[in-house]
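In what follows, a structure is listed as structure tokens, so that the remarks can point back to it.
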Amino acid sequence: MDNLEKNATAKRNRRTRNLVMVTSLSAVVLIASTYAWFTGLQSVSVEPFTVEISSADSLELSLNGEQWSDTLTLTKDNILNTGELGADKVAQKAYKTNTNNWPINQAPGTSDVDGKRFGLVPISTIGAMNTATSRMIMFEKSSMTTTPGGYRLLASTVDNDKSAAEQKQKGYVAFDLFVKNYSGTQYLTNDEDPTDTSFEEAIYLNTDSHVSVATNAGGVASTGIENSVRVAFAQIGRISAYSTNPTAITGITCSNSGSGNDAVTGLCRNAQIWEPNDKAHKQVALNWYDKSCVQRTGATLTNSDYGSASDKCTTIGLTDYAQTYAIGKPIEVGDSDKVDVYDGLNGYNTRISDYSAFKTSDSLNKGPLVNFDYFTDSEKLLKGMSRPTFMTLAPNSITKVRVYIYIEGQDIDNFDYAQVGKMIEVAFGFTKQRYTAEEILDTNQDQDLYNALPTAVTPSRTR
């Protein structure tokens, strides 16, 4: 193959990587000290990140429900609405009554003043929604005490109600993204059954989506810190794409309201949560797990309930999938649910709930931990008819999607020394195309089609 042909092939690949819509989210996370479940107060600094979105076919986006564009850049400042809308009507700011969250890490009882550190701390969730507040239910560590084969966990609910107080939460990033899907001319919905997706269009997670250590920004590889990141997408509700009322659009909640083009269909679907790097582990993380975890057989977390040091937990290899048993309800002092962080992996499944059985956080069938079914990178890379849908959107609609970025504390890759990694970057994208161009186009016969395809937007990976 000569250089001319190589260059032509490279150009075609760039153009066809994403055919419809690409969303790039680059987040650089600087960890100043350890943040694993097993420590006390965590200090994690987060630098500004950007979201770059390009839409080539029937999709537009907004942070305020008023200005729409096929490109969108999102930073800490416009997530928290620190200014007016840009004069060019493209550089967007969040709507004024937003409850977007940029995590603040500060001592209890102190005020939010300039100079306070911004940070992430480990939390856990199964994506269940609080219909009263239109927020995802999340849990944070309350206490950690060593056990003969791990660590006992107590967990409390994150107080993320829909008031402005959510802007002062520690531990996670959250923002409202409005997606206008204007395919077709008729707004279709089912107010009686918001779980009905039979008429909605499939959206797929782009194969370029990734979470990795940003070594070019000072990150240190081989710690596995990137393997415990999660990104959740919670559909709050939708409205007709014909609505021109930004107040009605931004005011979408989990409840039905309004009339005409401003009629809101509340969805409040359990969040779709993406687990990047699902089959990637670092040896140092596995060593921590092997040293800490011992098989458990009893309910009291005493010596009699554990085996000897040689009775190791489920063996996990460098490329094995490790099930995450995420927190589904509070774990309190005196609770009969005496939970070890390694339950499920240590052979003790008595208080493990089945993810397929739950509808809300109050219907867990057995206990506080859930064998959560994430959307994984392995699923992202499936091809053809095996490629699974990531989420669905109604035609001719505007959907309010609340996006959460957090560290899953129950992931085995979240261990004390992972903070040495320091820098993390996150990039994700969506497309309506089930098949990639490489799967269906013949490069010898379809040259003109290749040349006519829109140029892809490549996820930003640098500051």
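The values are calculated or read from the model by the stated rules, or taken from the named source; none is laboratory data. In this text the structure is predicted, and so the values were computed from the model without any measurement. Heads up, the Cβs are rebuilt from the backbone with ideal geometry, glycines too, and the neighbour counts pull from every protein chain shown. Note: areas computed on protein heavy atoms with side chains; ligands, DNA, RNA excluded. Shrake-Rupley method; radii C 1.70, N 1.55, O 1.52, S 1.80 Å.
Ranked by the mean number of other Cβ atoms within 10 Å of their residues, highest first, the peptides 243-254, 171-182 come out as 171-182, 243-254.
For the listed residue pairs 291/329; 141/329; 141/400; 141/279; 279/329; 96/400, the alpha carbons are over 18 angstrom apart in 291/329; 141/400; 141/279; 279/329. Note on segment 347-405: with charges restricted to the Cβ of Lys and Arg (+1) and Asp and Glu (-1), its dipole about the Cα centre is near 140 debye. Among residues other than residue 191 with Cβ under 15 Å from its Cβ, the summed charge is -3 (Lys and Arg +1, Asp and Glu -1). Highest mean packing first, where packing is the average number of other Cβ atoms within 10 Å per residue, the peptides 125-132, 276-283 line up as 125-132, 276-283.
If I take all pairs of Cα atoms in segment 231-271, what percentage of them are more than 16 Å from each other? Roughly 30 percent, once rounded to a whole number. Extension gain, residue 156 to residue 242, is 26.8 nm, computed as 0.36 nm per intervening residue step minus the present C-alpha separation. For residue 69, the amide hydrogen comes within under 5 Å of the amide hydrogens of 61, counting only partners 5 or more places away or on other chains and with H modelled in the peptide plane. In sequence order, segment 136-151 has phi-based couplings of 6, 7, 10, 10, 10, 5, 9, 7, 9, 10, 5, 10, x, x, x, 8 Hz under the Karplus curve 6.51 cos²θ - 1.76 cosθ + 1.60, θ = phi - 60°, and Gly or Pro positions carry x. In this structure residue 286 has an accessible area near 10 Å², from a 1.4 Å probe over the protein heavy atoms. Computed extension length for residue 381-residue 310: 21.8 nm, one decimal, from 0.36 nm per residue of separation with the Cα-Cα distance subtracted.
Computed over protein heavy atoms with a 1.4 angstrom probe, the accessible surface ordering of 297, 265, largest first, is 297, 265. In a shell of Cβ-Cβ distance under 9 Å around residue 343, excluding residue 343 itself, what net charge do Lys and Arg (+1) and Asp and Glu (-1) give? In short, +1. The residues 60, 226, sorted by heavy-atom accessible surface at 1.4 Å with ligands and nucleic acids left out, run 60, 226 from largest to smallest.
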